[in-house]
1. When the stretch 37-63 is examined, which residues are found to be under 14 Å from the mean Cα position of the chain (by Cα) and of a type in the set (D, E, K, R)?
2. Looking at the stretch 1-16, which of its residues are open to solvent by 70 Å² or more (accessible area, probe 1.4 Å) and either closer than 15 Å to CYS39 by Cβ or among the charged types (D, E, K, R) (or both)?
3. Kindly indicate whether any position in the stretch 54-69 is open to solvent by less than 60 Å² (accessible area, probe 1.4 Å), modelled with pLDDT of 95 or more, under 26 Å from MET1 (Cβ atoms) and assigned to a strand (DSSP E or B).
4. If you scan the stretch 70-90, which residues turn out to be more than 22 Å from SER8 (Cβ to Cβ) and either open to solvent by 50 Å² or more (accessible area, probe 1.4 Å) or in contact with a Gly (Cβ under 9 Å, 6 or more places away or on another chain) (or both)?
Amino acid sequence: MKESTIQSKILRWLEKEGIWCVKYEASASSRKGTPDILCCVNGRMIGLETKRPGKGLEKLQEHERKRILKSGGISERVDCVEDVQRIVEEVRNGL
């Protein structure tokens, strides 16, 4: 499955749940390594880096993930809607 297909499924689920979300579009002037999808749940910023199953983060993506975590946000590598559902449930439950 292509990453764009995974992203579309995740965005549809987030919108269905009433969660603010945006697909981050990379450009020549944008910050490299920013997660593909940004959303907010219970006041927590969440960055979701979508990957095909078995594929890991690139070095710059991992660097940005650590910066988000250090700032108190949440940043995760996801490859399916179920990953996102788990993250959202944890945030909603205060974990």
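1. Within the stretch 37-63, ARG44, GLU49, LYS51, ARG52, GLU62 qualify.
2. Hits for the stretch 1-16 are LYS2, LYS9, ARG12, GLU15, LYS16.
3. No, the stretch 54-69 has no match at all.
4. Those that are more than 22 Å from SER8 (Cβ to Cβ) and either open to solvent by 50 Å² or more (accessible area, probe 1.4 Å) or in contact with a Gly (Cβ under 9 Å, 6 or more places away or on another chain) (or both): LYS70, SER71, GLY73, GLU90.
Yes or no, residue by residue, for (1) open to solvent by less than 80 Å² (accessible area, probe 1.4 Å); (2) among the β-branched types (Val, Ile, Thr):
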| position | (1), (2) |
| --- | --- |
| ALA26 | no, no |
| THR34 | yes, yes |
| CYS40 | yes, no |
| GLY43 | yes, no |
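The values are calculated or read from the model by the stated rules, or taken from the named source; none is laboratory data. Source: prediction; values computed, not measured. Here the Cβ is made from the backbone with ideal geometry for all residues, glycine too, and neighbour counts use every protein chain on show. Note: areas computed on protein heavy atoms with side chains; ligands, DNA, RNA excluded. Shrake-Rupley method; radii C 1.70, N 1.55, O 1.52, S 1.80 Å.
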